[in-house]
Structure formats: structure tokens, C-alpha cells
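Asker: Starting off with a structure, shown below.
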Amino acid sequence: MLFSCYEKRQISLVTWLFLYNFVATMSREREFERLFRENYAQLYAFAMGMVREEEICRDILSDAFEQLWNHLDEVGETSQKSYIYRTVRNKCADWARKRLTRQRYELFYRTVYGDGSDDAGAVLQEVEENITCIYRLIDTLTPQTRRILDECYFKGRRQSEVATELGISVSAVKKHIAQAMKVFRDNLNKNKAK
């Protein structure tokens, strides 16, 4: 008899814990749903101002609200609205940065591999002429400057490593590089003017 009473208490404790967790979860869901309903339209307009594409905007808002849901316990009740706005702003900036990078790659690809137009061939020819000119100009530089350019740009070593190896200061390495870049700019600009 004592055992059955203990068993009943244990079951009621388990039931109480279940109900407590259920109510807490429902409260959390209601709070999130309220936040969603009150802020979705404003956040949509906020994101559309930056993105200007409806589908992308909806995806960004969906991701932002999912991130808020995953961090709802960590984000204080008073800072939830600022958290979701900051998340939307950051996701819009990330999207814009990725879009810009994609556009640059597309332009680079069209420039290098051509898009069927004669203009792409002319651009590719100009790039090849500039590369040839730079190699000719490298031959005109002093041996020390040539070596510094070779170590820093072609071998990918840090300026401090090159300075230590050559027994000169880092600022001297920077001056050699700056002089070489000036020679390149001046001569490439002269070639464009022709």
C-alpha cells in the first residue's frame, strides 16, 4: 500500500513536470507569435528598402525569425525587437555583398572568356598587353626592387620576412614596392593614352 502511494506521487510529479514544460513551451510560442505578427510588416518594409526583391526579402525574414527562435532564451524580452532588426539588417547586407561578389565574378568571366561580343575580345587583348608591359617594366627596376616584388607578390611572403632576410627595414621594403607601383601606373597610363 505504501508503495502504491509512492507510485502515485511519482506519476503526479512526472505529470506535473510535463504540464509545466508544456505550458512554458506554449507561452514561448505565443510570445514568439506575438512578436512575429507585430513586427513582420515593418521588417518586410525595412528589408525591401535594402533588397528590393520580394522572394529574397521573405527568405531573409524567414531566416531571421528562425535565428530569433533558436536564440529566444538567450535574447532578453526587452531586446527581442532590436535583435530581429539587427539580424535582418545583417542578413540584407550579407545578401548584397554576395550579390556584388557574384556580379564581379560574372563580369570577370565575361571579360576573360568572352560573351560572344567583339568588346570582350578587345578587353582581353588590353589585359594581355598590360601584363606584357608590366613584365617589361619589372626588368627595368633595380635588382633589389625586383627581388622584393618577387618575394612579396609572386612568392607571397610577408614584407617583414623579406625585410629581415635582406637586412633592411619594413619601411624600406614598402618604399621599394611603392616606387615600383608608381612606375607601373605611370607607364600603364601612358599606354592607355596612346
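The values are calculated or read from the model by the stated rules, or taken from the named source; none is laboratory data. Everything numeric here is computed off the predicted structure, so don't read it as measured data. Cβ coordinates were reconstructed from backbone atoms using ideal geometry, including for glycine residues, and neighbour counts include every protein chain displayed. Heavy atoms of the whole protein, side chains included, go into the accessibility calculation; ligands, DNA and RNA do not. Shrake-Rupley method; radii C 1.70, N 1.55, O 1.52, S 1.80 Å.
Asker: Kindly write out, for segment 100-109 in residue order, the coupling ³J(HN,Hα) from the Karplus curve 6.51 cos²θ - 1.76 cosθ + 1.60 (θ = phi - 60°), rounded to whole Hz, with x marking Gly and Pro.
Answerer: Per residue, the Karplus-derived 3J(HN,Hα) values read 4, 4, 4, 5, 5, 5, 4, 5, 4, 4 Hz.
Asker: Rounded to the nearest whole Å², what accessible area per residue is found for segment 42-114 with the 1.4 Å probe?
Answerer: In whole numbers, segment 42-114 has 69 Å² accessible per residue.
Asker: What is the calculated FRET efficiency for GLN42 to LEU72, with r their C-beta to C-beta distance and R₀ = 22 Å, to the nearest 0.05?
Answerer: Result of the calculation: an efficiency of 0.70.
Asker: Shifting gears a bit: Given the C-alpha centroids of segment 48-99 and segment 133-158, what is the distance between them in whole angstrom?
Answerer: Spelled out, the Cα-based centre of one part sits 47 Å from the other.
Asker: Rolling a 1.4 angstrom probe over the protein chains, ignoring ligands and nucleic acids, what is the accessible area of ILE138 in square angstrom, nearest 10?
Answerer: Approximately 30 Å² of ILE138 is accessible to the 1.4 Å probe.
Asker: By accessible area of protein heavy atoms, probe 1.4 Å, what ranking do TYR135, TYR105 get, highest first?
Answerer: TYR105, TYR135
Asker: Compute, for PHE184, the solvent-accessible surface of its heavy atoms (probe 1.4 Å) with the complete set of protein chains present, and express it in square angstrom to the nearest 10.
Answerer: 20
Asker: Quick check: residue separation of ARG147 and GLU54 times 0.36 nm, minus the Cα distance between them. What number comes out in nm?
Answerer: Taking 0.36 nm per residue and subtracting the Cα distance, the gain is 28.1 nm.
Asker: Note down the accessible area of LYS182, probe 1.4 Å, to the nearest 10 Å².
Answerer: Taking all protein chains as shown, LYS182 has close to 110 Å².
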